[in-house]
Amino acid sequence: MYHDFNYEATLASSLRAQWRLDDVLREDQNLDFSRNFMPESLARTAALDTLNPFEQRILNQISAHQYLSIFGVVEEFILPFLLDHARPSFREDDWRIRAILNFAGEEAKHIHLFKRFHQAFVRGFPVECQVIGPSEAIGAEILKHDPLAVGLVILMIEWMTQQHYLGSIRDDGDLDPLFKSLMKHHWMEEAQHAKLDTLIVDALAEGRSEEQIDKAIDEFFEIGAFLDNGLQVQAGLNLDALEKAIGRPVDRDAILPQQHQAARWTYIGSGMVHERFKTTLESLSPNAAKRIAEAAPVFA
Ligand SMILES: [Fe+2]
Ligand SMILES: [Fe+2]
């Protein structure tokens, strides 16, 4: 076995790491709009020299709004995926069913948390930021795919939040402390989810031939392309909000592809290259790992 995760131990660490919504953001708390919300390695706004520092910060905050929205969308399809996975064998293993239902409950709480942050964002930001959607339609499109492909996308996303927090956010002293705390608390629970996702992916891959795994990787790429297309549309919506907020048009031909690429790294690439994700792929099939490693530079 390439890992030592199990349902009993993961449930125990989940219960220890658990927090309440008000521990992270009370309904009356406000974000500090004089600061950046996203780390530069994810937002990539400081590199845009046609924007002044104030405008770069506005775009950084729009990028944080995107983060809240994209994760809201993602958590909304994780929830039904988990329930579908748990239901057929809910009598078999008490640790398993409790761990998965606890995982689902935490994702429901995260949806709630992201909404609360969204409300705090809307209270403090001068213009409305549009978002791709509706989230139900995005979720339905993704869930049409092979559960193994969906499970791999979710596994990638959950490990990615660890890379976002540990790799970029934890040591960045310039960020709004509340937004930083959102990322930290989200990661604390996601770290346990990623272990459960690993067990779910193992179960979904069991008994599949090399060819069937390859087919699931095709579908993984289909979901990736669908998400990527959404990120490109979102990058345009972000620039609409930026132009409205700063009251002038910007050089969209230069900024849009750069910001789309930043989002590709944030929501896809940083997961594709995560060591734990790669280890799971290797265990499924070295060819699956190779295919994803070859695609990863596009999302860097
Ligand atoms: Fe989550
Ligand atoms: Fe999660």
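The values are calculated or read from the model by the stated rules, or taken from the named source; none is laboratory data. Keep in mind that what you see is a predicted model, and the values were worked out from it rather than measured. Here the Cβ positions follow ideal geometry from the backbone for every residue, glycine too, while neighbour counts run over all protein chains shown. Side chains are part of the model used for accessible areas, which takes the heavy atoms of the whole protein and leaves out ligands, DNA and RNA. Shrake-Rupley method; radii C 1.70, N 1.55, O 1.52, S 1.80 Å.
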Item to check | Per-residue HN-Hα couplings for the stretch 104-119 [Karplus 6.51, -1.76, 1.60; θ = phi - 60°; Hz; x = Gly/Pro] | outcome: 4, x, 5, 5, 4, 5, 5, 4, 4, 4, 5, 5, 5, 5, 4, 4
Next on the checklist: Assuming 0.36 nm per residue, please report the length gained on full extension of the stretch ARG98 to LEU143 beyond their Cα-Cα distance.
Outcome noted: 13.9 nm
Item to check | HIS118-TRP19 FRET efficiency (beta carbon distance; Förster radius 25 Å; 0.05 resolution) | outcome: 0.85
Next on the checklist: Counting heavy atoms of the protein chains only and a 1.4 Å probe, report the per residue accessible area for the chain as a whole number of Å².
Outcome noted: 44
Next on the checklist: Under 18 Å from a point placed 7 Å out from the Cα of ASN52 along the Cα-to-Cβ direction: which residues of the stretch 92-126 have their backbone N that close?
Outcome noted: 126
Item to check | Centre separation in Å (Cα based) which lies between the stretch 122-179 and the stretch 192-209 | outcome: 21
Item to check | ARG91-ARG26 FRET efficiency (beta carbon distance; Förster radius 45 Å; 0.05 resolution) | outcome: 0.65
Item to check | Longest exposed-site-free window of the chain, the sites being GluC sites (Glu not before Pro) in a DSSP loop that have at most 13 other C-beta atoms within 10 Å | outcome: 207-300
Next on the checklist: Please compute the modelled spin-label separation between ILE213 and ALA300, points set 7 Å along Cα→Cβ, answer in nm with one decimal.
Outcome noted: 2.5
Checklist entry - chymotrypsin sites (Phe, Trp or Tyr not before Pro), restricted to the stretch 1-43: which are DSSP loop and have at most 11 other Cβ atoms within 10 Å? => result TYR2
Item to check | Whole-Hz ³J(HN,Hα) from phi, Karplus 6.51 cos²θ - 1.76 cosθ + 1.60, for the stretch 94-103, glycine and proline x | outcome: 5, 5, 5, 5, 5, 5, 5, 5, 5, 4
Checklist entry - Cα centroid distance between the stretch 214-289 and the stretch 46-95, in Å? => result 12
Item to check | Per-residue HN-Hα couplings for the stretch 68-85 [Karplus 6.51, -1.76, 1.60; θ = phi - 60°; Hz; x = Gly/Pro] | outcome: 4, 6, 5, 5, x, 4, 4, 5, 5, 9, 5, 4, x, 4, 5, 5, 4, 6
Checklist entry - Which angle from 0 to 90°, rounded to the nearest 10, does the C-alpha axis of helix 210-246 make with the longest principal axis of the chain? => result 20
Checklist entry - Which angle from 0 to 90°, rounded to the nearest 10, does the C-alpha axis of helix 286-295 make with the longest principal axis of the chain? => result 10
Checklist outcome for this item: In degrees rounded to 10, the 0-90 angle between helix 7-17 Cα long axis and the longest Cα principal axis of the chain is 30
Checklist outcome for this item: For the pair ARG35 and ALA203, the simple spin-label estimate (label points 7 Å beyond Cα toward Cβ) gives in nm 4.1
